[in-house]
Every structure is written in C-alpha cells, then in structure tokens.
Amino acid sequence: MTKINFVEHTILYTLVAIFLFAWLFQIFYLLFFLLKPSLFKANTVEGKQLPISVIICAKNEAENLLQFIPSICQQNHPQFEVIVVNDCSTDDTEMALAQLKTKYNNLYYTSIPLSQQHYQGKKLALTLGIKAANYEHLLFTDADCQPTSDQWLSQMASQFSDTKEIVVGHGRYEKRKGLFNLFLRYETFFNAVQYMGFALRKKPFMAVGRNMAFTKSLFEKSNVYAQYLNVASGDDDLFMRQCANKQNTSIQLNYESQTSSIAPKNMGEWLDRKSRHLSTAPFYKLGIKAWLFMEALTRQIFWVLTLCSLFFPTFAPLAFGFFVSRLVVLHIVLGKAANKMGENKLYWATILFDFMNPLLIGSVWVINVFSAKKKKWK
C-alpha cells in the first residue's frame, strides 16, 4: 500500500468513526430525552382546584389585552385572579385595562409610571405582579397570548403537588400561511419537546414565560430576579437556572394546557427575540450546555458527512442506511410528541429544518458573543 493510499484510508476510516459516533449520539439523545415527553402521564386531579394568580406584564399592548384578556378571565376554574402590570406603556394600555376591569371582577392591574428613572426591564414588572398576588400558586403568560382552551388554568394547576413547585408548559405560535411561520412553529415545538424531555430526565433548565407556573414562596426564597436585573432577558430561564431541581419540577403538555402567541412577522423580529433569549444561555449549567452543544454539533456532522459520502461509493450505502435510520427514529419520536401535544403533523417539517435550525441558532449565538448592543424588553 502506497503512502498516499494509506493516508486516504486513514482519513476515510476516521470520517467513518466520526460519522458512527455522531449517529450513536443522535439516536441516544432522541430516545433518552426527546421520547420522554410522549410517554409522560400527567396528573388529572392533584392540584386541579388550587387557587391561582395569573400574572401578565404588558408594555404597549392595548390591542392585545382587549383581544386576549377575556379568554383568560373566563377560564373554567373555581378560584383565580388575573393581575396585569402595565410597564410604562405609551399607548392606550391603561385605558384598555380600565375598560376590561368593568367587565371582569377577577381582573386587577397596576402601572409603573413613565417617570421611572432607571430601566429595570420585565423582571421588575413581574416582581410587582408577584408581590400583588393573593395566592400561593402563580401562572404566567404574555399579553399577546391566549389559552388554547378554557381548561388552561386547571390543566396547569393539576401538576402542582407537595413536591412539585414549578410547572413547565408549552407556548405555541399561531398558525399562519407561509414557510417562515412553519419554521417558527416547528422550532418552538422542537424546543418544547427538548426542554420538557430534560425536565423529565431530572435536568430542568428552561421554560417559556408564555406558559409557566411556580409558587410564590419559591420565588421569594430565591430572590432570583434581583440578582439578574442587568440581563435583558431570562425571566423564565434564569428562574429555572436558580430554582429548578430534580424533585420540584413537572411539565404539562396536552393541548388544553397550552397558550398560543402572535407569531413574529418576519425573520428580523424572530432573530431579535431569539437573540434576547439566547443571552441567558451562558448561565445554563455546564452539563446542560455540553448536552445542547453536542446535539447541535453531532447533528451537523451527521448531515455534512452524509453529503460527503456521495463522493465515496464504498461508504455511501452505509451512510445512507444510517441517515435513513436516524430520520425514521426522529420522525417516530417527534410524531409521538406532536400527537400528544396537538401539533398535528408539524413534525414532518423536520425534513426541511433539521439541518438548518442549529445553523441559525448558532449564528444568533455568535452574533450575541460579538455584539455589544444591550437588548431591552420591548
């Protein structure tokens, strides 16, 4: 064997070894983490009748409040209140809340004046809402969200227990026409399956402020927001980082327990939101960062080497077989989760976005690293 042939074979065998490692990691990740939510059996009674305080922060959300607050105030739940914090709005938010208050006795609101000297972001508004809450169990959503059913409150409350102080829910985006909206809904769905899978594997690290719940006593004990007032985002993830543990976190993922949000109108708006959200990624625990990094890395390696195998006829059939096997496992896992979450056939979008999604997220992360721009809650 000539020296050139030896080098070529060495490179080929090295690439095969890397490819097999990427395949093994991907299959393990899918079966260990992402399959878990579809096997989850939620409580149906425990905590369902608990009194609940719903807390919403609103900044220039007059139209959304008029549209969505009624579906929250009319929830089919025995005892609850809705608290809206108007955070320095310059539109008709105050007037909209006053109008809504005449219709709903369980709606309460307070306002942070425009004369507030120092910008403190959403965490200050949330803190004021929590302090104003009359009940121990708190449920959070945004002003541009609406529950998918009148059982939202009861379904989320059902997962509280003596040991479960945090409930992580799914906040989907509304369905619209177009490829961009399909991407938004798929990316949100995949993220939900992922962070719920981690939570069920006793590694909770993330939630979405559009639909999450926790106890007032846990918040007061942690004093978490006061520690991160200088961070633009993360009222959800930073809380999870500080307060969630192996024992105290549950999930709720069925359709009736979800919220639906107004989707970003364009890629620029989504990138801005994603950039603010990823600004909290450095605060994740090292083990979580390692899992997420390796999943994205091995997924890209898997795709790239599959494409490269087209230039190696002896390697191509093996690569194609492993590629198809991973795709089959991915569709089965996401298909089961989608059926359980009422996301219909959204998992088929994997064919379009499985390769692209980590690249986009990685690009946003790189931009965050090199950007000195401070991002505020809008």
Going through the stretch 189-217 in order, the residues found to be farther than 26 Å from Ala133 by Cα, without any contact (Cβ under 8 Å) to a residue 60 or more places away in the chain and touching a Ser or Thr at 6+ places or on another chain (Cβ under 9 Å) are Ala199, Lys202
When every residue in the stretch 195-218 that is in a helix (DSSP H, G or I) and out of contact with any Asp or Glu (no Cβ under 8 Å at 6 or more places or on another chain) is compared, the one surrounded by the fewest Cβ atoms within 10 Å (Cβ to Cβ) is Leu200
By residue number, the members of the stretch 237-268 that are part of a helix (DSSP H, G or I) and at pLDDT 85 or above are Asp237, Leu238, Phe239, Met240, Arg241, Gln242, Cys243, Tyr255, Glu256, Ser257
query = Going by the structure shown, is Ile69 under 20 Å from Gln258 (Cβ atoms) and buried (at least 21 other Cβ atoms within 10 Å of the Cβ)?
reply = yes
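So that you can scan it fast, the table gives a plain yes or no per residue for (1) outside the structural domain of Ser250 (by TED's automatic domain parsing); (2) over 15 Å from Glu220 (Cα atoms); (3) buried (at least 19 other Cβ atoms within 10 Å of the Cβ):
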position	(1), (2), (3)
Thr127	no, no, yes
Asn134	no, no, no
Thr141	no, yes, yes
Cys145	no, yes, yes
Lys164	no, yes, yes
Practice prompt. Kindly establish whether Lys221 is surrounded by fewer than 20 Cβ atoms within 10 Å (Cβ to Cβ) and not in a helix (DSSP H, G or I).
Written response: no
Return yes when Phe25 is under 26 Å from the mean Cα position of the chain (by Cα), of a type outside the set (Val, Ile, Thr) and buried (at least 20 other Cβ atoms within 10 Å of the Cβ) and no when it is not.
-> no
Result of the Cβ filter at 9 Å on the stretch 355-366, keeping first residues that are within 17 Å of Leu307 (Cα to Cα) and surrounded by 18 or more Cβ atoms within 10 Å (Cβ to Cβ) and partners that are of a type in the set (S, T, N, Q) and at pLDDT below 75, at least 6 apart or interchain, is none
| query | Can Leu182 be described as outside any loop (DSSP other than H, G, I, E, B), under 14 Å from Ile55 (Cβ atoms), in contact (Cβ under 8 Å) with a residue 12 or more places away in the chain and hydrophobic (A, V, I, L, M, F, W, C)? | reply | no
For the stretch 166-178, the count of residues that are within 17 Å of Ile351 (Cα to Cα) and either in contact (Cβ under 8 Å) with a residue 60 or more places away in the chain or in the same structural domain as Phe293 (by TED's automatic domain parsing) (or both) equals 0
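Each row is one residue, and each column tells you yes or no for (1) more than 25 Å from Asp272 (Cβ to Cβ); (2) at pLDDT below 95; (3) not assigned by TED's automatic domain parsing to the domain that holds Phe33.
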residue	(1), (2), (3)
Leu182	no, yes, yes
Ala192	no, no, yes
Ala199	yes, no, yes
Pro204	yes, no, yes
Leu218	yes, no, yes
Lys221	yes, yes, yes
Examine the stretch 65-86 for a residue that is touching a Phe, Trp or Tyr at 6+ places or on another chain (Cβ under 8 Å), assigned to a loop (DSSP other than H, G, I, E, B), at pLDDT below 95 and within 30 Å of Thr110 (Cα to Cα), and state whether such a residue exists. no
Flagged pairs (Cβ under 9 angstrom, 6 or more apart or on separate chains; first in the stretch 236-253, closer than 8 Å to Pro204 by Cβ; second assigned to a loop (DSSP other than H, G, I, E, B) and of a type in the set (Phe, Trp, Tyr)) are Met240/Phe205; Ala244/Phe205
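The values are calculated or read from the model by the stated rules, or taken from the named source; none is laboratory data. Bear in mind that the values here come from a model prediction, so they are computed numbers and not experimental data. So basically every Cβ, Gly included, is an ideal-geometry build from the backbone, and we count neighbours across all protein chains shown.
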